[in-house]
Structure formats: structure tokens, C-alpha cells
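The values are calculated or read from the model by the stated rules, or taken from the named source; none is laboratory data. Worth saying up front: this structure is predicted, and the values here are computed from it rather than measured. Heads up, the Cβs are rebuilt from the backbone with ideal geometry, glycines too, and the neighbour counts pull from every protein chain shown. Remember, those area values only see protein heavy atoms, side chains included, never the ligands or the DNA or RNA. Shrake-Rupley method; radii C 1.70, N 1.55, O 1.52, S 1.80 Å.
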Amino acid sequence: MSAVDDAASQTARDLRDRRDLALVGRDRLLFENDLQRHAAELDAGVRDRRFLVVGGAGSIGRAVVRELFKRQPAALHVVDLSENGLAELVRDLRSSLGYLAQGGDFQAYCFDALGPELAALESAQSHTKPYDVVLNFSALKHVRSEKDPLTLMRMLRVNLLVTSRTLELARRCGATKYFCVSTDKAANPVSVMGASKSVMESLLVHRGQGVPISTARFANVLFSDGSLPDSWRRRQARGQPLVAPRDVRRYFVVEREAGLLCLFSTLLGQDREIFFPRLDPARHLVNFGDLLLRFLEAQGLEPREAASENEARALAAERPEDAPWWPIHRFDSDTSGEKEQEEFFADGESVDLERFAEIGIVTNHPKVDRETLDAFLTELDRLLESRTWTQPQLLDLMHRTLPFAHRVEERNLDQKM
């Protein structure tokens, strides 16, 4: 691809980012100053090195893959369970950045990181230099994942066992860095998902001996796959009503910001550090109900408020195709595991706000000791082998491992529109 084509592609992405940022009350990308100061370090940290990215077809993973790809690594291997996600990732890279220069090795593999294929991939690298850097973005990120015993077990396996497996792979490869994505919900968790990521941070510390590790806690990635704003676009495409809680506030970043935060943590983070975006609660926390109104306003549409889900569905069914309004339903949050307001660090965690202009760093002091962690993983394996686990068993195991202020309501997100 020519430099002109690459510049045109980046300009289109910049315009989209600016439109998205306007929805959350910002007019510029985060990390611009930090990127300018550290651009040479980031470029040098990628160029001519070999990267393995597990879970690379999701929203954050693909943003990081893109940042790595354009800095010309020697090898970039991407693993993901989503066949369609990988296909779109490859199409996007080929249509914007083209190909790696000088015979660079780019591969996209479709398999479950919990299966035998990961070990086979590692063995296939024995004839060449192993991976220099391993990044893991595999995660079940939805609070709704705690709603039943089967999905809950899958969440624990992905968020913890995939982490353990890929960390061991990095150690065997002699990798110079291992990165694993965390979440803002790991700070003072109120959901099992958040608690599982907090336990994962402890796992990284206890089992990361021999390979430097770092991670990042995130704001919501605006329009990321499966997010509530992403669902608004999908609902509109189907002529359906839009919904949002009116009492829940979140921080937001766009995909490129997510990719850059991970890149900074991977290449410039020191051992056991957790990076997070420095966002101001007074200026940057956004109410979902307000965000929905801005989303419609940006399209020149007026909201037509419905008092219930039934009324919202009825309004959508009768709405003319060219109507200047769209049916919405805003409600008070009443489902398990939802925080009213996100945070990036908890009381008692040491925070460095000096090294970067718009990135904060938490020193990773594990909340779960090694003995408790080992007992947790042993019991998880036992339950898996028994094939008879229950939701109360898994919840009790989590609470014994990491006592947390679990918000439990009668309803879960699958029982809402």
C-alpha cells in the first residue's frame, strides 16, 4: 500500500474517532503527548520482534494488532476463537496497511486457546526463533456471564486458565514480556467477572516469575463488540427500540486509545505494573442515558421516550421508515453485578501519576496470596472433572478466594431488552 493510501485510511479513522469522541464530551484522543514523547521507543520495541496475540480479533485485541502491524514486527501471529472476527481483522489490515515488509510473518489462527492447538502452535515454532512477546486478550467481559453455572464456569476458565496457559507458554519461549488485559471492574469488584479479573492480576504476580508481566485496566471501549452502544447500532439496523440505564455512569475510550494503552503497557510497562487511562470523574464520567440521547442527536433524530419495554416495542413497530424520531426506553438499573460508577484503582493501591501525561500506573500488589490462589485453581479443576458443578458452588469458591461486595439482584441482563 502506498503512503498516500495509508494516510487516507488513517484520516478516515481519525474522523470517525473524532465523531465518537464528541459523543462522550471529548475533542481529542488521549495519549497524544505520551505518544509523541515515546514514539521512537514504541517503534523500536515492535520492529523485528516476534509477537503472539491470543484473543486478537476482539475489539481491544484487533486495535493492538493494528498498532503492532503498522510498526513492522518480524512475526505477528493472531489466535482467536471467532472465525468471522479473524476474517474481518485480516480484511481490515489488508485494506488499510497492506502487508508486512521484508518477508514479515503474519498469520491468523482460529482455535480455542484452552484446546490442544495452542501447544501445537508452540511446537511449530521450534524450528525458528520463539515469540519475544505474548499478549493475551481472551476474556469473557460481560457481567451477564455469571447468570448460570455453565457460562460462569466458561468465564472462570477463560479469564484465569487461558491466562495461566499463555503465561506458561511465554515462559517456555523465553519471552521478554507477557501482557494480559484486565478491567476497571477489577478495582473494588461487585461482579464475579470483575472479581475473576482481580484474581487474574494476582495470578500474574504469583506465576509470572521468570517473565516480566504487565496489564491494563480499561474504561468502556465505545462501540466495542457486544457493548451497549454497539447494540444501539445493531438495533437501529433492525428497526428496534434502543435502551439504556439512566443511573449508570462509565468512562469511555475509543478503539485506537485502547490499542495504544495496551501498547504502552506491553512495551514500556515494568514488571507487575497495571496501566490505566487518566480520566477525570468530573469531566469524563458519562451517563448511559445521556449518551443515548447524544447518539440520536448526532443522527438528527429525536428520542421518543417509552415508559416500558412493551411500549418501546410497540412504538418501533409503528414507526414510519422516514420518521425523524426513534423509540427509546431508559430505566433504573436493577440487575446483578452493575456498578453505578467505574474506578481504576482501589484504596491501598499505590499509583504513579508522574511517568506519563495521561496514563496512570498501579503497582500490582496481589490481593490473593499464593496458597489461596493454588487452592482456588485446584478446586476449579476438580469441579471441571466432576462435570456436576452448580452456580452456588462457583460463587462460594469465588467469595472464599476473594471476598468482594457482590451486587446481587433478582434479575440479570438476559432478562432485559
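Taken over segment 250-306, the percentage of Cα pairs per 10 Å bin, counting from 0 up to the bin with the maximum distance, is 18, 34, 28, 14, 6, 0. Per residue, the accessible area of segment 89-237 comes to 35 Å² when a 1.4 Å probe rolls over the protein heavy atoms. Once all Cα-Cα distances of segment 164-319 are split into 5 Å bins that start at 0, what whole-number percent is in each one? So the P(r) values, bin by bin, are 2, 8, 14, 17, 16, 12, 10, 8, 6, 4, 3, 1, 0. Our analysis of segment 347-399 gives Rg over Rh at 1.24, with the two radii drawn from alpha carbon positions and Rh computed by the Kirkwood formula.
Using a Förster distance of 35 angstrom, determine the FRET efficiency expected from the C-beta separation of residue 19 and residue 369, and round it to 0.05.
Efficiency computed from Cβ-Cβ geometry: 0.15.
Taking a quarter of the surface of the Cα convex hull of segment 277-402 gives a mean projected area of 13.6 nm². Enumerate the whole-percent occupancy of each 20 Å bin, from 0 to the last occupied one, for all C-alpha pair distances of the chain. Taking every Cα pair in the chain, the percentages come to 25, 58, 16, 0.
So, in the chain, how many Lys pairs have Cα atoms under 16 Å apart, if the pair is 8 or more places apart or on different chains? Lysine pairs satisfying the spacing and distance rule in the chain number 10.
Our coupling estimate for segment 167-174, obtained by passing each phi through the Karplus curve with A = 6.51, B = -1.76, C = 1.60 and θ = phi - 60°, is 5, 5, 4, 4, 5, 5, 6, x Hz, Gly and Pro reported as x. Annotation: Cα Rg of segment 87-193 relative to the compact-globule expectation 2.2 N^0.38 Å equals 1.27.
Distances between placed amide hydrogens fall under 5 Å for residue 213 paired with 178, 272, all partners being 5 or more residues away or on another chain.
3J(HN,Hα) along segment 318-323: 9, 5, x, 4, 9, 5 Hz, from the Karplus curve 6.51 cos²θ - 1.76 cosθ + 1.60 with θ = phi - 60°, whole Hz, x for Gly and Pro. Protein-only accessible surface at a 1.4 angstrom probe places the residues 110, 180, 173 in the order 110, 173, 180, largest first. If only the Cβ of Lys and Arg carry +1 and only the Cβ of Asp and Glu carry -1, the dipole of the chain around its Cα centre is close to 540 debye.
Legend: residues 190, 286, sorted from most to least accessible area (1.4 Å probe; ligands, DNA and RNA excluded), read 190, 286. Largest accessible area first, the residues 89, 384 order themselves as 384, 89 under a 1.4 Å probe with ligands, DNA and RNA left out.
Close amide H pairs (under 5 Å, H built 1.01 Å from N) link residue 242 with 328, 329, residues at least 5 positions away or on another chain. By the compact-protein rule of thumb, 2.2 N^0.38 Å, the alpha-carbon radius of gyration of segment 2-138 corresponds to a ratio of 1.13.
In order along segment 360-366, the phi-based Karplus estimate (6.51 cos²θ - 1.76 cosθ + 1.60, θ = phi - 60°) of 3J(HN,Hα) comes to x, 9, 9, 6, 7, 8, x Hz; Gly and Pro are listed as x. Close amide H contacts of residue 106 (hydrogens built in the peptide plane, cut-off under 5 Å, sequence separation of 5 or more or a different chain): 76.
From helices alone, the chain scores -13500 deg cm²/dmol at 222 nm; the rule is -39500 (n - 2.57) for each run of n ≥ 4 DSSP H residues, then divide by the residue total.
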